[in-house]
Amino acid sequence: MQKPYEILEGVIPKDYLEKAQKATLELKNWLLENALIGKSSNLGTGRYWRGIETASRISPVLHKLYTSDFMKGIVSKYMSEAYYYNDQAVVKMPKEPFAFPNHYDNQYAPTGLHQINFMWILDDITAESGDFKIEGTSVRLKAGDILVLDGNTVHCSGKNVTDKPRRAWACVYTTTDPNYLDFFSGRFI
């Protein structure tokens with residue numbers, strides 16, 4: 001990927017968008033209803049946080065979308081070889097104290113593992129719903145967009161102060177096989 005990010009406007013088919021909206025909200029409600037935040041997990045980092053790592057391991061709907069021909073068509077434009085790595089349901093509930101500080105995705109990966117995040121925007125992202133900034137600049141994203149974000153690009157997002165959930169789903173693939181993982185180890189493209 002030559003640019004730090006790209007916005008693919010309105011590319012998610014309506015039925016896929018609706019399925020992902022519903023599935024990510026169901027996962028967040030499951031997380032909250034079972035008081036799992038902060039508890040041990042067998043997903044990703046080993047601890048539940050306000051987002052849900054490897055969401056498609058839990059949700060058959062998200063698994064089907066993460067491994068879909070639709071995603072292969074998009075990912076193949078950016079990666080000649082791609083491997084499954086991680087997907088995260090990031091749902092900010094109304095007035096939830098949930099923000100991300102500046103970070104870049106590759107800082108959480110082993111050395112040499114390069115990721116590209118194909119983030120599905122499931123609700124409009126505004127200053128009030130959790131302002132999304134890339135390299136310090138606010139970026140407006142609409143439901144149905146996919147934000148393609150290089151793993152070395154610094155980004156952050158604020159709290160959702162609205163009365164509605166703000167949903168996004170990060171579909172992350174790597175350029176090399178993360179064969180040390182017990183999940184999503186395998187070639188996508």
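Read the figures in this text as sums done on the coordinates, not as results from a lab. This structure is a prediction, so every number in the text was calculated from the model and none was measured. Neighbour counts are summed over all protein chains in view; Cβ atoms, including those assigned to glycine, are modelled from backbone coordinates with ideal geometry.
Among the chymotrypsin sites (Phe, Trp or Tyr not before Pro) in segment 118-187, those located in a DSSP loop and surrounded by at most 12 other Cβ atoms within 10 Å of their own Cβ are Tyr180.
Among the trypsin sites (Lys or Arg not before Pro) within segment 68-157, those in coil by DSSP and having at most 15 neighbouring Cβ atoms inside 10 Å are Lys77, Lys95, Arg140, Lys142. Note on His103 and Arg187: the extension gain reaches 27.6 nm, defined as 0.36 nm multiplied by sequence separation minus the Cα-Cα distance.
Among Ala55, Gly73, Val91, flag the residue with its Cα farthest along the positive direction of the charge dipole of segment 28-105, charges on Cβ as +1 for Lys/Arg and -1 for Asp/Glu. Projecting each Cα onto the dipole axis, the largest value belongs to Val91. Under a straight-distance cross-link criterion of Cα-Cα below 24 Å, which lysines are reachable from Lys72, leaving out those fewer than 8 residues away in the same chain? Result set, ordered by chain and number: Lys3, Lys14, Lys19, Lys22, Lys64, Lys142.
Taking each DSSP H run with n ≥ 4 as -39500 (n - 2.57) and averaging over every residue of the chain yields -6000 deg cm²/dmol at 222 nm.
Over the C-alpha atoms of the chain, the Rg to Rh ratio, Rh being the Kirkwood estimate, stands at 0.93. For segment 77-175, GluC sites (Glu not before Pro) meeting the loop criterion (DSSP other than H, G, I, E, B) and having at most 14 other Cβ atoms within 10 Å: Glu81, Glu135.
In this calculation the C-beta distance from Val11 to Asp163 is compared with R0 = 30 Å, giving a FRET efficiency of 0.60.
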